[in-house]
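**Q** Attaching a single structure in structure tokens format; questions to follow.
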Amino acid sequence: MFIRQLSYLVALSQAQHFRRAAELCNVSQPTLSGAIRSIEEEFGLPIVRRGRRFEGFTPEGERVLAWARQVLADCEGLRQEASASRREVTGCLRVGAIPTALPLVPLLTDACLRDFPGMRHEVYTLSATQALRQLSELDLDVGLSYLDDPRLREFETISLFRERYVLIARDETALAGRTSLSWHEAAKLPLCLLTGNMQCRQGIDAALARAGTSASPRVETDSLMALYAHVRCAGLFSIVPHSVLCLAEMRDELHAVPLQPALHREIGLILRERQPRPPLLDAAVASFRSVDLQSRLDALLPA
């Protein structure tokens, strides 16, 4: 059995289709199918359920797939270790961020791009559930999300930033010069909020409930840019973590006021528990931790 055959298995799990998996691996479909059959023959058990098309992995196949992911990750770590021994850090770091944390990613990757010219980044917008699953399956190297999720007990976490929630409006006149607002007052405004399945919105709903109120938003969206557009162009208000103010458009074209009482939540890195940590990931984590996100983003809050 060759490492390449294991990579075919992982590609098939990602593509869920023989032809598309073959395209990912730059081989013909018969080559990929034959390689997987040879693994089945070597182990003497079925790995893939086949009908007229790919129908998923057998229970035995799922266990083989988990080992294949681990073997491939260890091989990549070995390659990185050899590269690091030549004082080079090369490879691709796969980062998954929840939508509200996405504006933070360029602040973090900027340091890596300067310090490690051989490092590349792939950045994905994912829900917390998707990020945790992909971390577990070794399809992601690091996640960026809220750290108050009880599911994180099985992961390593590193706090980077403590966010605070603000109300944003099209301009200062919309709030009649107010420098802060209560959650109860905010709930009465015509709001555009993130959708209820998002962790940011769940934190907002919890804060409103503690204030003895709730929100009935006029518009709900899972896109920060759509939210921005509705505040900017439709005259709605929104509640967001102050980290999104690092987006140039939001900082320059919207007015933000803090909400009282203050709601703080920790944002940080999420990693799969793994020792030794691959050199690429080790270098990236050290670089990320060197960035003072708190000071940079707190400076965006109204005085």
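The values are calculated or read from the model by the stated rules, or taken from the named source; none is laboratory data. Owing to the predicted nature of the structure, the values given are computational and were not obtained by experimental measurement. Cβ placement follows ideal geometry from the backbone for every residue including glycine, while neighbour counts extend to all protein chains displayed. Note: areas computed on protein heavy atoms with side chains; ligands, DNA, RNA excluded. Shrake-Rupley method; radii C 1.70, N 1.55, O 1.52, S 1.80 Å.
**Q** Report, in deg cm²/dmol and to the nearest 500, the calculated mean residue ellipticity at 222 nm for the chain, where each DSSP H run with n ≥ 4 adds -39500 (n - 2.57) and the sum is divided by the residue count.
**A** Values: 12 runs with 133 residues, N = 303.
Calculated from helices alone, the mean residue ellipticity at 222 nm is -13500 deg cm²/dmol.
**Q** Report, to the nearest whole %, how much of the accessible area of the chain belongs to carbon and sulfur atoms, 1.4 Å probe, protein only. Write out the running numbers ahead of the final one.
**A** Numbers: 7600 of 15120 Å².
Here it works out to 50 percent.
**Q** Based solely on C-alpha atoms, express the radius of gyration and the Dmax of the range 164-263 in angstrom.
**A** 12.0, 34
**Q** Taking Cα atoms, how many degrees apart are the long axis of helix 29-43 and the longest axis of the chain, rounded to 10 and kept between 0 and 90?
**A** Computed tilt is about 70 degrees.
**Q** Among VAL89, ALA15, ALA176, which residue has its Cα positioned farthest towards the positive end of the charge dipole of the chain, with +1 placed on the Cβ of Lys and Arg, -1 on the Cβ of Asp and Glu, and the dipole taken about the Cα centre?
**A** Going by the Cα projections, it comes out as ALA15.
**Q** Can you tell me the dipole magnitude for the chain around its Cα centre, using point charges on the Cβ only (Lys, Arg +1; Asp, Glu -1), in Debye to the nearest 20?
**A** Working: 35 positive and 36 negative charges, 80 e Å.
Using only the charged Cβ atoms, the result is roughly 380 debye.
**Q** Also: If one puts a single equal scatterer on every Cα of the chain and applies the Debye formula without solvent, what log₁₀ I(q)/I(0) results at q = 0.06, 0.09, 0.10, 0.11 Å⁻¹?
**A** Normalising to I(0) and taking log10 leaves -0.27, -0.57, -0.67, -0.78.
**Q** Points 7 angstrom from Cα along the Cβ direction at SER159 and GLN260: gap in nanometres?
**A** Using points 7 Å along Cα→Cβ, the separation is 2.5 nm.
**Q** Let me ask you something else. For the chain, modelled as a GNM with alpha-carbon contacts under 10 angstrom, which of GLN275, GLN202, GLN130 fluctuates the most?
**A** Highest fluctuation of the listed residues: GLN275.
**Q** Could I ask something else about it? With the cut-off at 1.5 for a/c, could you classify the range 3-80 from its C-alpha gyration tensor as rounded, prolate or oblate?
**A** Numbers: a/c = 1.76, a/b = 1.28, b/c = 1.38.
Oblate, because a/c is 1.5 or more while a/b does not exceed b/c.
**Q** Between ARG37 and GLN70, what's the calculated FRET efficiency when r is the beta-carbon distance and R0 is 25 Å? Round to 0.05. Kindly include the intermediate steps, with their values, before the conclusion.
**A** On the way: r = 22 Å, r/R0 = 0.89.
The pair ARG37/GLN70 has a calculated efficiency of 0.65.
**Q** Counting other Cβ atoms within 10 Å, which trypsin sites (Lys or Arg not before Pro) in the range 1-96 have at most 14 and lie in a DSSP loop? Can you show the working numbers first?
**A** Values: sites: ARG4, ARG19, ARG20, ARG37, ARG49, ARG50, ARG52, ARG53, ARG63, ARG69, ARG79, ARG86, ARG87, ARG94; in loops: ARG52, ARG53, ARG86, ARG87.
Sparse-neighbourhood loop trypsin sites (Lys or Arg not before Pro): ARG52, ARG53, ARG86, ARG87.
**Q** Which FRET efficiency, nearest 0.05, do HIS121 and ALA234 yield, Cβ-Cβ r, R0 25 Å?
**A** Working: r = 34 Å, r/R0 = 1.37.
According to the calculation, E is roughly 0.15.
**Q** Once label points are set 7 Å from the Cα along Cα→Cβ at both LEU113 and ARG274, what is their separation, rounded to one decimal in nm?
**A** With each label point 7 Å from Cα toward Cβ, the separation is 2.5 nm.
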